[in-house]
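The values are calculated or read from the model by the stated rules, or taken from the named source; none is laboratory data. Remember, predicted model here, so these are calculated numbers, not experimental data. Glycine gets a Cβ as well: all are built from the backbone with ideal geometry, and neighbour counts include every protein chain shown. The protein model used for the area step is the full one, side chains on, heavy atoms only, and it has no ligands, DNA or RNA in it. Shrake-Rupley method; radii C 1.70, N 1.55, O 1.52, S 1.80 Å.
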Amino acid sequence: MNNDIISAAITTIRNGNMRKSPVIRIPATGTTRGIGRVLPEEGFVKSIAEHKENQQYFLDIGLKYRGRKRKAYITAIQRISKPGLRIYSDHRGIPRILGGMGIAISSTSRGIMTDRDARQKKIGGEIVCCIY
């Protein structure tokens with residue numbers, strides 16, 4: 001049984017990306033919904049759909065590829081803050097991923113948002129993961 005649902009979701013996205021799967025399915029929780037809301041806004045995935053199956057909610061994430069060789073838009077996705085070692089940062093200390101080409105997803109008091117949004121609103125929080 002996996003107690004870290006965020007790591008499980010990130011690993012599922014990474015594995016689906018490597019297999020070039022068109023759609024992956026992850027369990028829907030508040031945090032995974034927040035991460036799922038950010039990914040299409042930033043252009044890393046094609047679509048997000050939530051559905052209920054056997055009294056449990058799931059998110060179907062449509063992964064995005066380009067070209068004939070189906071090169072993935074997500075080059076790397078890494079978990080930063082882990083259950084054994086939480087990483088917190090104020091708005092000035094949020095890392096810039098690849099000089100702004102990637103994003104860091106933060107869990108703040110106003111919900112899950114990208115590093116740019118957190119800096120603009122001057123909100124710090126837990127750095128959940130980074131995607132580029």
Tally, over region 1-17, of residues that are out of contact with any helix residue (DSSP H, G or I) (no Cβ under 9 Å at 6 or more places or on another chain) and either in a loop (DSSP other than H, G, I, E, B) or among the charged types (D, E, K, R) (or both): 4
Residue that is most open to solvent (accessible area, probe 1.4 Å), among those in region 23-50 that are farther than 17 Å from Ser107 by Cα and charged (D, E, K, R): Lys46
Selection status of Lys20, within 26 Å of Asp117 (Cα to Cα), touching a Lys or Arg at 6+ places or on another chain (Cβ under 7 Å) and either open to solvent by 70 Å² or more (accessible area, probe 1.4 Å) or polar (S, T, N, Q) (or both): no
Tabulated pairs, region 68-87, first touching a residue at least 60 places away in the same chain (Cβ under 8 Å) and closer than 18 Å to Val38 by Cα, second open to solvent by 80 Å² or more (accessible area, probe 1.4 Å) and basic (Lys, Arg), C-beta under 7 angstrom, 6+ apart or interchain: Ile77/Arg14
Subset tally (residues that are open to solvent by 100 Å² or more (accessible area, probe 1.4 Å) and closer than 21 Å to Ile13 by Cβ) for region 76-88: 1
Any chance Tyr57 is over 15 Å from Gly125 (Cα atoms) and either in contact with a strand residue (DSSP E or B) (Cβ under 7 Å, 6 or more places away or on another chain) or of a type in the set (Asp, Glu) (or both): yes
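Of Asp60, Asp115, which residue is surrounded by 14 or more Cβ atoms within 10 Å (Cβ to Cβ), within 16 Å of the chain's Cα centre (by Cα) and under 26 Å from Asn3 (Cβ atoms)?
After applying the criteria, what remains is Asp60.
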Among (1) surrounded by 16 or more Cβ atoms within 10 Å (Cβ to Cβ); (2) in contact with a strand residue (DSSP E or B) (Cβ under 8 Å, 6 or more places away or on another chain); (3) farther than 15 Å from Ile131 by Cβ - the single one His91 does not satisfy: (2)
Region 64-75, residues that are touching a Phe, Trp or Tyr at 6+ places or on another chain (Cβ under 8 Å) and open to solvent by less than 80 Å² (accessible area, probe 1.4 Å): Lys64, Tyr65, Ala72, Tyr73, Ile74
